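Step one of this worksheet: look at the structure below.
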Amino acid sequence: MDSLIPFTTSGSLVDCVDRKMLVVLRDGRKLHGVLRSYDQFANLVLEDTVERIYHGNAFAENWHGLFLIRGENVVLLGEIDLDLEDEIPQRRQVEYAALEPYHKNDVEVKKQREEAKAQILYEQKGFCKEGGEGDGY
Amino acid sequence: MLIFSVFKTLTDQQVTVELKNDLSITGVLKSVDQFLNIRLDSIKVLDEARHPHMMAVKNCFIRGSVVRYVQLPSEHVDTQLLEDATRRGSSPRSHPFIG
């Protein structure tokens with residue numbers, strides 16, 4: 001069974017523990033924090049978590065603290081390359097309160113676009129509605 | 001089990017994973033598990049401008065349930081073998097990927 005270690009959730013996440021990670025959730029939120037624990041369902045424990053929002057060239061952070069994230073809400077867990085993070089052509093960090101209205105607007109626009117798309121797919125293109133039973137997203 | 005085995009034979013190959021949130025990531029497949037969770041190294045995000053949060057990420061773990069498509073390198077997939085394996089049924093003993 002030794003050869004199966006890379007082929008389990010635990011086998012592939014063990015080297016991410018105690019590192020700074022980015023977690024993308026199904027609702028589109030981006031959380032940065034230190035991964036402290038996880039299990040086979042990708043339930044995650046993140047410490048010193050901040051939520052990041054982006055708009056245009058700016059980003060903002062909102063501090064949250066300790067998170068236990070239920071696995072079903074996880075889209076992606078990315079390891080942040082700290083060197084690469086410093087090299088990125090600098091984005092401007094601004095106050096969270098200042099950026100939040102823009103971000104909320106972005107989210108709303110995206111939601112409307114998705115709804116319009118789903119409506120067309122359902123009414124004109126013969127697709128079924130998303131979010132049904134067993135859709136898993 | 002069959003598809004899990006197929007993914008296992010594709011480790012260290014370059015694949016493109018398209019997620020249900022329309023994010024597409026190309027990278028080297030490092031591991032896969034029973035839920036088809038995928039671990040990618042040296043990732044590159046298509047349309048990086050739309051996904052600025054991914055710029056500092058070099059490798060990532062993708063939950064199987066959020067994957068829409070995986071684009072495989074066709075030269076490393078034996079479709080004939082897959083077809084045969086499918087016909088034979090996918091009990092672990094009868095398919096060719098688990099030795």
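So here's what we get for this one:
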{"quantity": "Count of residues meeting criterion [open to solvent by 20 Å² or more (accessible area, probe 1.4 Å) and either farther than 30 Å from A:V109 by Cα or among the charged types (D, E, K, R) (or both)] in segment A:25-42", "calculated": "11"}
{"quantity": "Within segment A:43-88, tally of residues that are open to solvent by less than 60 Å² (accessible area, probe 1.4 Å) and closer than 21 Å to B:F35 by Cα", "calculated": "12"}
{"quantity": "Scan of segment B:47-66 for residues that are over 22 Å from A:G71 (Cα atoms), out of contact with any Lys or Arg (no Cβ under 8 Å at 6 or more places or on another chain) and within 7 Å of chain A (Cβ to nearest Cβ), ordered by number", "calculated": "B:M55, B:A56"}
{"quantity": "Hits in segment B:1-35 - residues which are open to solvent by 50 Å² or more (accessible area, probe 1.4 Å), touching a residue at least 24 places away in the same chain (Cβ under 8 Å), more than 8 Å from chain A (Cβ to nearest Cβ) and within 16 Å of B:R68 (Cα to Cα)", "calculated": "B:I3"}
{"quantity": "Selection count, segment B:42-70, where residues are open to solvent by 40 Å² or more (accessible area, probe 1.4 Å) and within 13 Å of A:D81 (Cα to Cα)", "calculated": "3"}
{"quantity": "Qualifying residue in segment B:71-89 (condition: open to solvent by 20 Å² or more (accessible area, probe 1.4 Å), within 14 Å of chain A (Cβ to nearest Cβ) and either of a type in the set (G, A, S) or touching a Cys at 6+ places or on another chain (Cβ under 9 Å) (or both))", "calculated": "no"}
{"quantity": "Meets criteria (at negative phi, surrounded by 14 or more Cβ atoms within 10 Å (Cβ to Cβ) and either more than 7 Å from chain B (Cβ to nearest Cβ) or under 15 Å from the mean Cα position of the chain (by Cα) (or both)) for A:V14", "calculated": "no"}
{"quantity": "Flag for A:L22 being modelled with pLDDT of 95 or more, in contact with a strand residue (DSSP E or B) (Cβ under 7 Å, 6 or more places away or on another chain) and within 7 Å of chain B (Cβ to nearest Cβ)", "calculated": "yes"}
{"quantity": "Members of segment A:14-37 found to be in contact (Cβ under 8 Å) with a residue 60 or more places away in the chain and of a type in the set (D, E, K, R), listed by number", "calculated": "A:R19, A:K20, A:R26"}
{"quantity": "Those residues of segment A:67-115 which are among the small types (G, A, S) and more than 25 Å from B:C60 (Cα to Cα), in sequence order", "calculated": "A:A97, A:A98"}
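The values are calculated or read from the model by the stated rules, or taken from the named source; none is laboratory data. This structure is a prediction, so every number in the text was calculated from the model and none was measured. Heads up, the Cβs are rebuilt from the backbone with ideal geometry, glycines too, and the neighbour counts pull from every protein chain shown. Surface areas here come from the heavy atoms of the whole protein model, side chains and all, with no ligands, DNA or RNA. Shrake-Rupley method; radii C 1.70, N 1.55, O 1.52, S 1.80 Å.
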